[in-house]
Amino acid sequence: MADHVFEAPPAGANPDWTIPQGWDRYTPEEHATWDLLFERQSRLLPGRASEAFLKGLDVLRLERPGIPDFDELSDRLMGLTGWRVVAVPGLVPDDVFFDHMANRRFVAGNFIRRRDQLDYLQEPDVFHDVFGHVPLLADPVFADYLAAYGRGGQRALGLGAIKKLARLYWYTVEFGLVREAGGLRIFGAGIVSSAGESLFALDDPSPHRIRFDLRRVLRTEYRIDDYQPNYFVIDSYDELLRTTVKTDFAPIYAELADMSDIAPGAVVDGDELLTRGTGAYHAARQAAE
Ligand code: HBI
Ligand code: FE
């Protein structure tokens, strides 16, 4: 696994795993890595990313050069939706993750990937977390959804249902698509922070694009090591918020407990397919292995 996964808060971290961002310790090369990634994505995303994402980049002034200072970013974000960005050394335990989220604190890695990891790294660095996730936190509806997700995560911990709930996060917050402006747009941070997947998710004939359905998503496994074999499409952030706030998940977890999981890339009865994928990308990767 990644070299930023810790069993206990590392030396210097607070009990809630937060650490000082250490903004003045970033080197010019690290700022230049951010600028390189930012420039590449901001060329790709107009017309491809959700309007709310592009608006968030603008209102949070993320187009300014260099790695953002979390305190400045949080001041602006607080005024908009009550969210803050707090620095952590890497992946934090689920209960810590959900507690911060339920209290509108977005945990962001303070390290940035190396030049030889530009196209992919398994752990959330500052570009994935801040460029990928933070712009949508400026949208009031999405901001409420994520806080509701945090509360849902705390409940799911009690019900031993984290594995299922993590799928909702994965297929929306990380890899979600939204119907917008007469087409499909990206809102998932994992896509929007990746040059290759920003193209693959919308243009490639290989993945399925399936209409979002809560039960279907909670049953569907996902891959963490490559592009997604399927994406789920919502109609609006309102739909996500309503689904998460008005639904009592406990009976759904019970209902799904004796139903099988669905493999990534599978199509099942009841799926409303916006596009049925060819699966060619993953078939070729399989053949190459
Ligand atoms: N920790 N820093 C960090 N960032 C994440 O995105 C994250 C995490 N811990 C757990 C986690 N994500 C997911 O497993 C949640 O779905 C629980
Ligand atoms: Fe993420």
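The values are calculated or read from the model by the stated rules, or taken from the named source; none is laboratory data. Everything numeric in this text was worked out from a predicted model, so none of it was measured. All Cβ positions, glycine included, derive from the backbone under ideal geometry; neighbour counts span all protein chains shown.
Numbers for the structure displayed
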quantity	calculated
Residue, nearest to SER198 (Cα to Cα), within region 1-52, restricted to residues that are among the hydrophobic types (A, V, I, L, M, F, W, C), touching an Asp or Glu at 6+ places or on another chain (Cβ under 8 Å) and outside any loop (DSSP other than H, G, I, E, B)	PHE38
Among (1) hydrophobic (A, V, I, L, M, F, W, C); (2) buried (at least 22 other Cβ atoms within 10 Å of the Cβ); (3) within 11 Å of ligand 1 (Cβ to nearest atom), the one test that ALA166 misses	(2)
Condition met for MET78 (over 26 Å from GLY158 (Cα atoms), out of contact with any Asp or Glu (no Cβ under 6 Å at 6 or more places or on another chain) and assigned to a helix (DSSP H, G or I))	yes
Some residue of region 64-87 being touching a helix residue (DSSP H, G or I) at 6+ places or on another chain (Cβ under 9 Å), surrounded by fewer than 15 Cβ atoms within 10 Å (Cβ to Cβ), over 26 Å from ASP238 (Cβ atoms) and among the basic types (Lys, Arg)	no
The listed residue being within 16 Å of ligand 1 (Cβ to nearest atom) and either touching a Gly at 6+ places or on another chain (Cβ under 8 Å) or closer than 29 Å to GLY160 by Cβ (or both), out of PHE212, PHE232	PHE232
Lone qualifier among SER42, SER50 - being within 25 Å of TYR237 (Cβ to Cβ) and modelled with pLDDT of 95 or more	SER50
Within region 108-207, helices (runs of 4 or more DSSP H) holding 3 or more residues that are modelled with pLDDT of 95 or more and of a type in the set (Gly, Ala, Ser)	140-159, 195-203
Region 85-139: number of residues that are more than 14 Å from ligand 1 (Cβ to nearest atom), touching a residue at least 40 places away in the same chain (Cβ under 8 Å) and acidic (Asp, Glu)	2
In region 216-233, residue surrounded by the fewest Cβ atoms within 10 Å (Cβ to Cβ) [restricted to those that are part of a loop (DSSP other than H, G, I, E, B) and of a type in the set (Ser, Thr, Tyr)]	TYR222
Considering residues of region 141-165 that are aliphatic (A, V, I, L, M) and closer than 23 Å to ASP235 by Cβ only, the residue nearest to ligand 2 (Cβ to nearest atom)	LEU146
